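Notes follow the structure.
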């Protein structure tokens, strides 16, 4: 049922470039499509980096607390205290329960940045486990060891070939081999000349903990989790293990998944990630309620995206993807989207518009409305003379830009005024107010009237 | 409560009130309305209402009351006529639309009825008990009609309570010899009345008709000459409603393919016949397809931007994807997966990627390993690109959780572009949030209305004769090579099975019984010979043995009854 088709080597040329695909649509004004594509890509890249930056900032606090927890967790181990209390405690595995919320699709990104942060700050030994890879304890151990030993090689990238040569498949997957590996690694590090490896040792403490992250704790089979916890608690003295559970529902799930005898082996500390709604609010504020990006969403589209978020999946990633689709669609289908850029560029581009593009402008409903409001001589000039049209469009674009620059602060002011009113006639969130403003003239609505009444 | 006046004017107002309120309302209403015209009547009526309010459930007392009431009615009628007032029957008749509790219904109907009756009958005559009974039953019909309307309106609120008074129903159920004549009578009577009343009467008739149906047709269907005459939309609605809900048990058609007289076709003739059938709306479908095809370049762009595309909608999307492939993908490496293929597996998809696209020779322990290898290769070499077209991603073989997981992971690679089609209406349920985010679908509705010829070519059509002929020929062939005794043994078993073919709990013939029968027919002489024969049958898959709950061996011929009958007939011919 599967058939592979390969192009004949003669015909094989450089594979489709995205730009080519974009251009294929209308070959006649290719210079504009090229420009449109470049604009689109640069805009999207800007937005993408912006969203990533936002996420990083938002997660920063959570990660900081997590890092300090991890630092603390195995301090006893490093000090090698022999106190009785510590020994009692040492049977327990330090565990961080990370409550992330139901937006499972966003977790991936969070975990990726988390493991990055951990590798930079705490320990090179971070393993990310997913339930779908670990149907049994054996698979889990195999996966764990594979990741740990690989990451060791990645981080240090030393020329000790003997480690690389040992294929992960050939090692007997057991806790003992893991411990011996860990001992070998730490011994090696300690015995290294301090001057040479000072930088790395200062970042990672003498015997860094091994962090195992369970991405989706709920989907693991109980048996596997129990076995793993029991086994590793036996070896906690030799192997400083720290577990991180990613939890989508509530922290109670740990106790319902694990029997008391097992959960008592864990020393759980709870961490709460920020709610996805706050995340979305920040995203909307930074992406839409700013004059920084020339691309704006219309009322209906924004409403659909928000509804999908609120009533469907709570996934910020999906929201951003939807936003991306909007951008692509706009640039792909609207020839005039070439003007959707920063004001300075837009003015330049208006000057170099072709005749066809000028006709496109004349066909715009909003421009028609504008023309109808002018005196007749000007109407004729607008509809016939391209140069005059371009001048006018430049002026209009400037006005639009000014409007947007003023719009956001005014909107914020209005939101501050109305957000504390009883029953929230204009919405609790600024996005609701924004939607209302996009829908129609907000000062004509009943809600506006009532909120004015209340504000007095 | 719904009032006919309101109905006529178009402003229909429906209110649901407790019984006490209805009682009060009617008492007040009759009082006020009637008082306008004839005060004397009001007094007597009102008094009567009061009296009836106190009625206990005692049947005897009720009869007594009814007698009193009849007497009172007579007086009232006489009074009204005596007053010489020109009250038309319909005027009072129309505003009386009570419902709910039996007593109330009865009472109200009787009250409402009086003037109408007095108009129709001879003025000087007092209505007698015998004359009254049938008429009141016609009034019950009217009340029932009101219920019907209220039900209809209520049905919008999705709460369905039959509010028909129980006693009313009982009366309706009893065959009423007067009913027919009565309905006729009211029809003729209504002819003289104004239009408003005509409508009512017609609805009365239809109301009468429908309960008759619901009550298991105990009353003969009334003549609906009037309903034919006056086409009332509302009444049609009522009829339709009851037609749809008349019988509680849903009858499914027993016109099955089994009953078809014509012999079933073989695959080839069916195919030929279907080919001859002209394609409906060919031009429109072509236009539709052209619309879809105009999306190709957009799809390419979106695939390149990291989205994957899923096509849904009625009709085979195979041709569309094929066209996409030939027109756009000619110059790039692509993989076509026919999901409808009955033996397709994820493993074969992965293998064709590793072996043919990546030119890797070697085997993998598990699909997960293979997937990991593919992911690694694609990440290492950014120049590698692969388009994957999957027809019917939701097919039997691929819809499993694990297969979907692997495919989703595959499609999440930035340099693998997946475009797939789904057909099952619940196909999106295959994917949870995690998989959806991996797939990163863009949904395109591409309804093509084209037949699923390729996709269903691996399925057996119901119209085609199943493989029965094959089983029959194999049966005869095997049997011919056996001894006479062995054939006899098989015959015995087959006959026994046919005798029991109607029995759904027939498990098979137990070995002991079978042995006994065979012995009696001089077919075997010992337990062992029979077992030897059975082994022979079993090797040729002619019989199957099952152990019952009691540990006894049961023998069964795993062939359907028709084939078995055919076989026995043929055997008989041969002998």
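Using the eigenvalues of the Cα gyration tensor, what equivalent ellipsoid semi-axes result for segment B:251-379 when each is taken as the square root of five times the eigenvalue, whole Å, largest first?
Details: eigenvalues 298, 124, 40 Å².
The answer is 39, 25, 14 Å, longest axis first.
Report the rotationally averaged projected area of segment B:468-574 based on its alpha-carbon convex hull, in square nanometres.
Values: hull surface 26.5 nm².
It is 6.6 nm².
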So, with points 7 Å from each Cα along the Cβ direction, the residue B:495-residue A:270 label distance in nm works out to 7.9
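Pulled fully out, how much extra length does the chain show between residue A:329 and residue A:342, if you take 0.36 nm times their separation in residues and subtract their Cα-Cα distance? Write down the numbers at each step before the final one.
Details: separation 13, 0.36 × 13 = 4.68 nm, distance 1.91 nm.
Roughly 2.8 nm would be gained on extension.
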Segment B:468-574: relative contact order in percent, alpha carbon pairs under 8 Å with at least 6 residues between
35
If I take R0 = 25 Å and measure r between the Cβ atoms of residue A:395 and residue A:359 in this structure, what FRET efficiency does the formula 1/(1 + (r/R0)^6) give, to the nearest 0.05?
0.80
What is the list of residues in segment B:384-409 whose amide nitrogen lies under 20 Å from a point 7 angstrom out from the Cα of residue B:426, following Cα to Cβ?
B:392-405
Globularity ratio of segment A:277-455, using Cα Rg and 2.2 N^0.38 Å:
1.20
Provide, as a two-decimal number, the C-alpha radius of gyration of segment B:332-458 over 2.2 N^0.38 Å, N being how many residues it has.
1.05
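How shielded is B:326-334 by partner chains, expressed as the average number of their Cβ atoms within 10 Å of its Cβ atoms? Walk me through the numbers before you get to the answer.
Values: counts 1, 0, 3, 3, 4, 8, 7, 6, 5.
The mean count of partner-chain Cβ atoms within 10 Å per residue comes to 4.
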Rg and Dmax of segment A:278-335, Cα atoms only, in Å
11.4, 36
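Report D for segment A:321-421 in µm² per second (integer): Stokes-Einstein, Kirkwood Rh on Cα pairs, 4 °C, 1.567 mPa s.
Working: Rh = 15.6 Å.
Result for D is 83 µm²/s.
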Estimated inter-spin distance, residue A:260 and residue B:383, nm [label 7 Å along Cα→Cβ]:
6.5
Ranked highest first by the average count of other Cβ atoms within 10 Å around their residues, in what order do A:313-325, A:214-226 fall?
A:313-325, A:214-226
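From other protein chains only, count the Cβ atoms within 10 Å of every residue's Cβ in A:101-108, then give the mean. Kindly include the intermediate steps, with their values, before the conclusion.
Numbers: counts 0, 1, 2, 5, 8, 2, 2, 3.
What the average comes to for A:101-108 is 3.
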PRE reach from residue A:447 (point 7 Å along Cα→Cβ): which of segment A:284-312 fall under 20 Å by backbone N?
A:284-286, A:288-290, A:297-312
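Between residue A:138 and residue A:5, what is 0.36 nm times their sequence separation minus the Cα-Cα distance? Round to one decimal in nm.
44.0 nm
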Mean-position separation - Cα centroids, segment B:370-400 and segment A:375-395, in angstrom
55
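Can you sort B:397, B:300 by how many other beta carbons sit within 10 Å, fewest first? Could the numbers behind the result be given before it?
Values: B:397 17, B:300 24.
If I rank by nearby Cβ atoms, fewest first, I get B:397, B:300.
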Rounded to the nearest angstrom and ordered from largest down, what semi-axes does the equivalent ellipsoid of segment A:254-351 get from its C-alpha gyration tensor (root of 5λ)?
44, 14, 11
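Mind checking B:295-305 for the average number of partner chain beta-carbons within 10 Å of each residue's beta-carbon?
On the way: counts 0, 1, 7, 8, 1, 7, 14, 5, 3, 7, 11.
The shielding value for this peptide is 6.
No value in this document is a laboratory result; all are computed from the given coordinates. Note that this is a predicted model, so its numbers are computed, not measured. Backbone-built Cβ (ideal geometry, glycine too); neighbour counts: all protein chains shown.
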